[in-house]
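Below is one structure, written out as structure tokens, with a few remarks after it.
The values are calculated or read from the model by the stated rules, or taken from the named source; none is laboratory data. Computed from a predicted model, the values in this text were never measured in an experiment. Don't worry about glycine lacking a Cβ; one is built from the backbone with ideal geometry, like all the others, and counts go over all protein chains shown.
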Amino acid sequence: MADPIKQFELVPIVPITIGTGDFSFTNSALHMFIIVGLTAAFLLLTTSGRRLVPTRMQSLAELTYEFVAGTVRQTAGTDGMKFFPLVFSLFMFVLLANLVGMFPGAFTVTSHIIVTAALAMLVISTVIIYGIWKHGTHWFALFAPSGLPKVILPLIVVIEVISFISRPISLSLRLFGNMTAGHIALKVFAGFVTAMAGAGALGFIGAALPIFMITALTALEFLVAVLQAYVFTILTCIYLNDALHPGHH
Amino acid sequence: MATNTTQGTQVPSKGGFPAFRVETYGSQLLWLAIAFGLLYFVMARFIAPRIGGILEDRATRISGDLAAAQAMKAEADAATLSYEKALAEARASSQAIAAETRAKITAEADAERKALEAKLAADLAAAEAQIGSARAAAMGNVRSIAVETAEAIVERLAGTGADAARLEAAVDAVLKR
Amino acid sequence: MASGDHHDGKTPGTSLPESDLDARRRALESRLEAIERERSTGAAPDGRAAQAPSGLVKLFRFSADFVSGVLAGALIGWLVDRFAGTRPWGLIVFLLLGFATGIYNLVKSAQRANREG
């Protein structure tokens, strides 16, 4: 408990080694499947009635769907809806990874840079592959904004390319950073509380402030968990928009 | 927790932040690919079509209901219009019937009155004729009575029978006055 | 008298529901019009659920834009140095370019945010 880094530790549950690589089924993998299971359960069980007049839970599932669909349509246009399953999967995965990580003792999948980077690379690869497949070489016009003087165009192209490369970095770092920092802060304050409480009667009074802090932090962390999922989703939509409509800048 | 970690394969690389330990990346990537792939499959195959279908069904149902409501309202409007038209027609025809009836009744009354007047006139004429004949008869009777009376008076006064022809002439002269 | 009674009984019997029906018809008309208007305006901005992101969302979006530009520059510089053997010039040049990209990212994000309102 005292070590705020401990919660990020990967613990193998079923050790698997392929060749020289370690592909163990870890607590992280377990939590990934919990996330997938929760997502499927939430979205499938609540809508199994296919009610015209929804139940409370069905309307919650519909609201989630409509929220993401609205974000996709608003940001990437109606033809962006062909990416809807991808965007909705990303949103639910990130959202539930963040929220599941809030439970004491649970593992936060999105607090590992490799996971957020992989999700970001998935988005960027989709943008590049779909963009080139759909628009051919015209897609590269994305890097050359029109209406610029010829002198600074090469510089802008270089900057645009770096900017494009910075997108998955920004996407993955933001999520990873927020999740890691927030959870460390929570654990540090939780450590304070236990340490104070262990120090006797005076400690109990001294623990009151950290308890208040931890409550506020937890509320903030919930907000951050939801907001980060939303930010990840809306940025995914913005980047997908580049695959669909290059040159619309 | 601690025993688990010491048993784990990450023991040699305990140092450093867990998220930056490269040797864990293979496992995480593999299981992320499997888990996220599964999620994407379920999403694209089951979840998105189902919720999309529900929402679409509802949208078509609502627009269908609205269209039906519009159609029914149009129907009600038409019914009101035809009702008002029928009402106006009925009012007009009732007025026509009333006028016709009134004319008919007036005509009937007229005819009846005329017939009655004719009858009355005929009756009056008959009565007048009767009175005339009765008067003539009465006048006849008066003459004979007067002649006889005059004869009797003359006989009583004169003691002789009077000339009948002169008597009658005298009576007629008086009666004519 | 009898016909008068009959008339009195009939007048409220027919005219009251008639005006009532008329009022209901008119109410239906206005309600249908309102729904139609709502639907036509509601359909235009496609996802009203996805309202303009709040300030906090913008803050999160901008915070990483600058840093990621610098990091992307550093990454490219490091790769260039590694494969072209130009250490440390690649890193220096691309770090500077990354810096410029960070600012460029911020400006673009700010412009986009302004356009979105």
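Taking region A:76-96, which residues are within 8 Å of chain C (Cβ to nearest Cβ) and under 20 Å from the mean Cα position of the chain (by Cα)?
Of everything in region A:76-96, nothing turns out to be within 8 Å of chain C (Cβ to nearest Cβ) and under 20 Å from the mean Cα position of the chain (by Cα).
So that you can scan it fast, the table gives a plain yes or no per residue for (1) at pLDDT below 90; (2) on the phi < 0 side of the Ramachandran plot; (3) acidic (D, E):
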| residue | (1), (2), (3) |
| --- | --- |
| B:L55 | no, yes, no |
| B:A68 | no, yes, no |
| B:D77 | yes, yes, yes |
| B:S82 | no, yes, no |
| B:S94 | no, yes, no |
| B:E112 | no, yes, yes |
| B:A115 | no, yes, no |
| B:L120 | no, yes, no |
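Say whether the condition of being farther than 20 Å from A:A76 by Cβ, at pLDDT below 75 and at the interface with chain A (Cβ under 9 Å from one of its Cβ atoms) is met by at least one residue in region C:72-90.
no
Residue-by-condition table, conditions (1) touching a Leu at 6+ places or on another chain (Cβ under 7 Å); (2) among the acidic types (D, E); (3) at pLDDT 90 or above:
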| site | (1), (2), (3) |
| --- | --- |
| A:F25 | no, no, yes |
| A:I35 | yes, no, yes |
| A:L44 | no, no, yes |
| A:R51 | no, no, no |
| A:T64 | no, no, yes |
| A:R73 | no, no, yes |
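Looking at region A:196-219 only, could you name the residues that are surrounded by 15 or more Cβ atoms within 10 Å (Cβ to Cβ) and either in contact (Cβ under 8 Å) with a residue 24 or more places away in the chain or not small (G, A, S) (or both)?
Within region A:196-219, A:M196, A:P210, A:I211, A:M213, A:I214, A:L217, A:T218 qualify.
Search region B:18-33 for residues that are at the interface with chain A (Cβ under 7 Å from one of its Cβ atoms) and pair each with any residue that is of a type in the set (D, E, K, R) when their beta-carbon atoms are under 8 Å apart and the residues are at least 6 apart or on different chains.
B:P18/A:E9; B:E23/A:D22; B:T24/A:D22; B:G26/A:D22; B:S27/A:D22
Take region B:67-81 and flag every residue that is within 7 Å of chain C (Cβ to nearest Cβ), within 15 Å of C:I35 (Cβ to Cβ) and not basic (K, R).
B:A69, B:Q70
Does C:F66 satisfy the condition of being modelled with pLDDT of 75 or more and in the same structural domain as C:I103 (by TED's automatic domain parsing)?
Here the answer is yes, as C:F66 does meet what is asked.
Take the residues in region A:1-42 that are small (G, A, S) and under 15 Å from B:G26 (Cα atoms), then tell me which one is farthest from the other protein chains (Cβ to nearest Cβ). I'd like the intermediate steps shown before the answer.
So in region A:1-42, the residues small (G, A, S) come out as A:2, A:19, A:21, A:24, A:28-29, A:37, A:40-41.
This time we only want the ones that are under 15 Å from B:G26 (Cα atoms), so: A:19, A:21, A:24, A:28-29.
Numbers: A:G19: 10, A:G21: 5, A:S24: 5, A:S28: 6, A:A29: 3 Å.
My answer is A:G19.
Filter region C:100-117 for residues that are out of contact with any Pro (no Cβ under 9 Å at 6 or more places or on another chain) and more than 10 Å from every other protein chain (Cβ to nearest Cβ); which is surrounded by the most Cβ atoms within 10 Å (Cβ to Cβ)? Show your work before the answer.
Residues of region C:100-117 that are out of contact with any Pro (no Cβ under 9 Å at 6 or more places or on another chain), as a first pass: C:100-112, C:114-115, C:117.
Those still in the list that are more than 10 Å from every other protein chain (Cβ to nearest Cβ) too: C:106-107, C:110, C:114-115, C:117.
Numbers: C:L106: 15, C:V107: 11, C:A110: 13, C:N114: 8, C:R115: 7, C:G117: 5.
The qualifying residue surrounded by the most Cβ atoms within 10 Å (Cβ to Cβ) is C:L106.
Just checking, which of A:S111, A:S172, A:S163 is small (G, A, S) and free of Cβ contacts under 8 Å to residues at least 24 places away in the same chain?
Going through A:S111, A:S172, A:S163 in turn, the sole match is A:S163.
Does at least one position in region A:157-174 carry a residue that is more than 12 Å from chain C (Cβ to nearest Cβ) and either surrounded by 14 or more Cβ atoms within 10 Å (Cβ to Cβ) or more than 19 Å from the chain's Cα centre (by Cα) (or both)?
No, every residue in region A:157-174 fails to be more than 12 Å from chain C (Cβ to nearest Cβ) and either surrounded by 14 or more Cβ atoms within 10 Å (Cβ to Cβ) or more than 19 Å from the chain's Cα centre (by Cα) (or both).
Can you tell me how many residues in region B:154-177 are assigned to a loop (DSSP other than H, G, I, E, B) and surrounded by 11 or more Cβ atoms within 10 Å (Cβ to Cβ)?
2
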